[in-house]
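The block underneath contains the structure these notes are about, expressed in structure tokens.
Every read-out reported here was derived from the displayed coordinates using simple, explicitly stated rules and does not represent laboratory data. Keep in mind that this is a model prediction, so the values were computed, not measured.
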Amino acid sequence: MLATLTDKSKQPKIVEGKTLMIRNFILKGGKIAMSSKTTIMGRPNLEIPHSIIENAIQLILPPSPEKKLAEVKYEPLRSILSVKGQIIKNEATRTVKVNGNDTPIRTITLEENNAKIDVTLWRELSEEEYSIGEFLQISHCLLNEWQGKIQPLEVTIKGTVEALSLTESMWEVCVREEDKEGYKDLVVENDMLRSAIGRAEEVCLMTDEEIENSLVNRIPFKIDATMLGPRLLGLRLAFSAHEQVQVENMELNL
């Protein structure tokens, strides 16, 4: 089972090969989500069968079939694959916000037999030295879009909040969508969620922990979110028939 950790202060406790006991986590979509409320403690080491270790490696590092650049555009979005080609364009490293943190990225363009594709390199990969004309082979690329031809559409997500957790400045909200199987994870800025709740009650004097406890105690409650690609445009929460709050047209860069 995959597990994600959003609280950086707990990262030193996660050591490969160490046996841990984890409490106060959220189970959503078949994955464990650990937040600032999660307790991580050491336990005596367990003997793990080799077959389970191999399965775990496949979860963390799934197969990455090699594809020619001309074939990439026929692959479904979110595919994981390996590509190779010659660098014909090398942009400067820039910084973007990811969950409130400055994150370096760089975009390079690869060419193979007259087929071209842009590859975005994240974090430490973006800070490596690359030269025009250099040949690269890159594994485990996540296909997000094909040369900008896929445009984000405005969609409405309606459902029931089943779980939530607060990270440094964002809320992770697990939504069971109406008339669909499975879950949808939303990331909401703290200020936006506070503004939404503030329509129904005073929250300016409440701490983040008090708000989190209040919302958790109200689960399940209804949510109606408007998205444009990854950007959250509007948010409406309905805790009961007499309590409904809404925030619209707020510019966010999630």
If you take every DSSP beta bridge whose two residues both sit in the range 3-60, what share of them, in percent to the nearest 5, is antiparallel? 70 percent
Using a Cα-Cα cut-off of under 12 Å, which aspartates and glutamates could be cross-linked to Lys8, ignoring same-chain neighbours fewer than 8 residues away? Glu168
Suppose only helical runs count, i.e. DSSP H with n ≥ 4. What mean residue ellipticity at 222 nm does that imply for the chain under -39500 (n - 2.57) per run, divided by all residues and rounded to the nearest 500 deg cm²/dmol? -4000 deg cm²/dmol
Additional length obtainable on full extension of the chain from Asn45 to Asp191, 0.36 nm per residue less Cα span: 48.3 nm
Taking placed amide H atoms and a strict 5 Å upper bound, the residues 5 or more places from Leu233 or on another chain that come that close are Thr226, Met227, Leu228
At a Cα cut-off below 17 Å, give the lysines reachable from Lys13, other chains included and same-chain residues fewer than 8 away excluded. Lys37
Given the pairs Lys31/Lys184; Lys158/Lys222; Lys89/Lys116; Lys73/Lys180; Lys31/Lys67, which span a C-alpha to C-alpha distance of over 19 angstrom in this model? Lys73/Lys180; Lys31/Lys67
Read-out Rg and Dmax of the Cα atoms in Å, derived from the coordinates shown; its label in (1) 21.7, 68; (2) 19.5, 72; (3) 21.3, 64: (3)
Whole-number percent relative contact order across the chain, with pairs defined as alpha carbons under 8 Å at least 6 apart: 14 percent
